[in-house]
């Protein structure tokens, strides 16, 4: 049941066709795990908190550095040296104090990942490295949790939504490929675009609206200002999701 | 066969700011090697030392993944190929 204040706060989205108070209540009950409080995690968290997702758990082991501030908009100049999750919780709570926000200042590892995402309905992949992205993807498949992938490089970014047992996963997309990971160039508006796409997908999934980015990779090129859609097939031999095909 | 290859914008600096190429070839492999003749800098990035597609790249033909065995996939006249690089940044 929504409060009078919640009806007023979310009035403009409750007005949306197919959304209504029922959709808002679904958001209020939802529990979303956001892996990473950086360039992607910042806009994703801001818009999910603004939209009224009831519980957010945000995990990141890093501290805020000056070089983060061009893109990680949850963190401000005064936050340098502080834990990113503490900075994130402070801003998000000020944005919407009705949301339960949990901060986890830990590295996501094979040992703790299951516990971290346990009892959460969705996972937002806002990581900055491939091994943890694969780990989260695999865990999401094993625990049947929808997984919302996003990644950026320079002016380019991409997003894809994974519904375990139904659609292609991150490992189907990249076939387990690994690359030497280095400091990468990025302009802040790119993760802003992609993080907002991830948040849009999360809201659509929870409320039950529209068509998800499943079996489709949406590729954004900010320099050409184009969005290209590429079809991704579920790989029957995928090491993460192959044995679940047709479940 | 005549096909078009589009490479990521971030590769423009290796190809005189060009990201779209007209190539000839009956397979993806032939098209990529033709691309390499036009732009050796791009070939160094996309192809490995054996002339195969680098493991950080995927090819899509008319928006459909060419995986697996990308290099031997047939290409038809007018096909549009996208080279997609694995990215991991957040």
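The values are calculated or read from the model by the stated rules, or taken from the named source; none is laboratory data. Computed from a predicted structure; not experimentally measured. Don't worry about glycine lacking a Cβ; one is built from the backbone with ideal geometry, like all the others, and counts go over all protein chains shown.
When the criteria are applied in full, residue A:15 fails the requirement of being out of contact with any helix residue (DSSP H, G or I) (no Cβ under 7 Å at 6 or more places or on another chain), more than 14 Å from chain B (Cβ to nearest Cβ), at pLDDT below 95 and farther than 14 Å from residue A:126 by Cβ.
Run down B:81, B:32 and say which single residue is touching a helix residue (DSSP H, G or I) at 6+ places or on another chain (Cβ under 7 Å), surrounded by 18 or more Cβ atoms within 10 Å (Cβ to Cβ) and under 30 Å from residue A:191 (Cα atoms).
Numbers: B:32 fails: under 30 Å from residue A:191 (Cα atoms).
Among B:81, B:32, only B:81 is touching a helix residue (DSSP H, G or I) at 6+ places or on another chain (Cβ under 7 Å), surrounded by 18 or more Cβ atoms within 10 Å (Cβ to Cβ) and under 30 Å from residue A:191 (Cα atoms).
Examine the range A:235-246 for a residue that is touching a strand residue (DSSP E or B) at 6+ places or on another chain (Cβ under 9 Å), more than 9 Å from chain B (Cβ to nearest Cβ) and touching a residue at least 24 places away in the same chain (Cβ under 8 Å), and state whether such a residue exists. Yes - at least one qualifying residue is present in the range A:235-246. Kindly provide the set of residues from the range A:185-222 that are in a helix (DSSP H, G or I) and in contact with a strand residue (DSSP E or B) (Cβ under 7 Å, 6 or more places away or on another chain), ordered by number. Residues satisfying the conditions are A:190, A:191, A:193, A:194, A:195, A:197, A:198, A:201, A:202, A:205.
The set of residues in the range A:18-68 that are out of contact with any helix residue (DSSP H, G or I) (no Cβ under 8 Å at 6 or more places or on another chain), farther than 25 Å from residue A:153 by Cβ and part of a helix (DSSP H, G or I) comprises A:22, A:25, A:29.
Within the range A:98-123, track down each residue that is closer than 13 Å to residue A:31 by Cα and loosely packed, with under 13 Cβ neighbours inside 10 Å.
First, pick out the residues of the range A:98-123 that are closer than 13 Å to residue A:31 by Cα: A:99-102, A:116-123.
Answer for the range A:98-123, where residues must be closer than 13 Å to residue A:31 by Cα and loosely packed, with under 13 Cβ neighbours inside 10 Å: A:100, A:118, A:119.
The test for being over 24 Å from residue A:139 (Cα atoms), buried (at least 20 other Cβ atoms within 10 Å of the Cβ) and in contact with a strand residue (DSSP E or B) (Cβ under 8 Å, 6 or more places away or on another chain) holds for residue A:88.
Select, from A:147, A:184, A:155, the only residue that is touching a helix residue (DSSP H, G or I) at 6+ places or on another chain (Cβ under 6 Å) and free of Cβ contacts under 8 Å to residues at least 60 places away in the same chain. It would help to see each step written out before you state the result.
Details: A:184 fails: touching a helix residue (DSSP H, G or I) at 6+ places or on another chain (Cβ under 6 Å); A:155 fails: free of Cβ contacts under 8 Å to residues at least 60 places away in the same chain.
Just one listed residue meets the conditions, A:147.
For the range A:169-184, filtering for residues that are more than 9 Å from chain B (Cβ to nearest Cβ) and touching a strand residue (DSSP E or B) at 6+ places or on another chain (Cβ under 8 Å) leaves 2.
Exactly one residue among A:135, A:74 is under 16 Å from the mean Cα position of the chain (by Cα), in contact (Cβ under 8 Å) with a residue 24 or more places away in the chain and either assigned to a helix (DSSP H, G or I) or more than 27 Å from residue A:155 (Cα to Cα) (or both), and that residue is A:135. Per the listing A:161, A:214, A:200, A:190, the residue uniquely more than 26 Å from residue A:117 (Cα to Cα) and either at pLDDT 95 or above or at the interface with chain B (Cβ under 10 Å from one of its Cβ atoms) (or both) is A:190. Against the numbered list (1) within 11 Å of chain A (Cβ to nearest Cβ); (2) closer than 18 Å to residue A:219 by Cα; (3) buried (at least 20 other Cβ atoms within 10 Å of the Cβ); (4) within 12 Å of the chain's Cα centre (by Cα), residue B:11 comes up short only at (3).
Residue A:59 - would you say it is surrounded by 17 or more Cβ atoms within 10 Å (Cβ to Cβ), within 14 Å of chain B (Cβ to nearest Cβ) and at pLDDT 95 or above? Working first, answer last.
Details: surrounded by 17 or more Cβ atoms within 10 Å (Cβ to Cβ): yes; within 14 Å of chain B (Cβ to nearest Cβ): yes; at pLDDT 95 or above: yes.
Against the criterion (surrounded by 17 or more Cβ atoms within 10 Å (Cβ to Cβ), within 14 Å of chain B (Cβ to nearest Cβ) and at pLDDT 95 or above), residue A:59 qualifies.
Is it true that residue A:228 is within 11 Å of another protein chain (Cβ to nearest Cβ), within 21 Å of the chain's Cα centre (by Cα) and either in a strand (DSSP E or B) or on the phi > 0 side of the Ramachandran plot (or both)? It is true that residue A:228 is within 11 Å of another protein chain (Cβ to nearest Cβ), within 21 Å of the chain's Cα centre (by Cα) and either in a strand (DSSP E or B) or on the phi > 0 side of the Ramachandran plot (or both).
Against the list (1) within 14 Å of another protein chain (Cβ to nearest Cβ); (2) more than 30 Å from residue A:195 (Cβ to Cβ); (3) under 13 Å from the mean Cα position of the chain (by Cα), the condition residue B:21 fails is (1). Inspection of the range A:144-155 identifies at least one residue that is in contact with a strand residue (DSSP E or B) (Cβ under 9 Å, 6 or more places away or on another chain), within 11 Å of chain B (Cβ to nearest Cβ) and over 23 Å from residue A:84 (Cβ atoms).
Restricting attention to the range B:62-90, the residues that are over 14 Å from the mean Cα position of the chain (by Cα), facing chain A (nearest Cβ under 9 Å) and on the phi > 0 side of the Ramachandran plot total 0.
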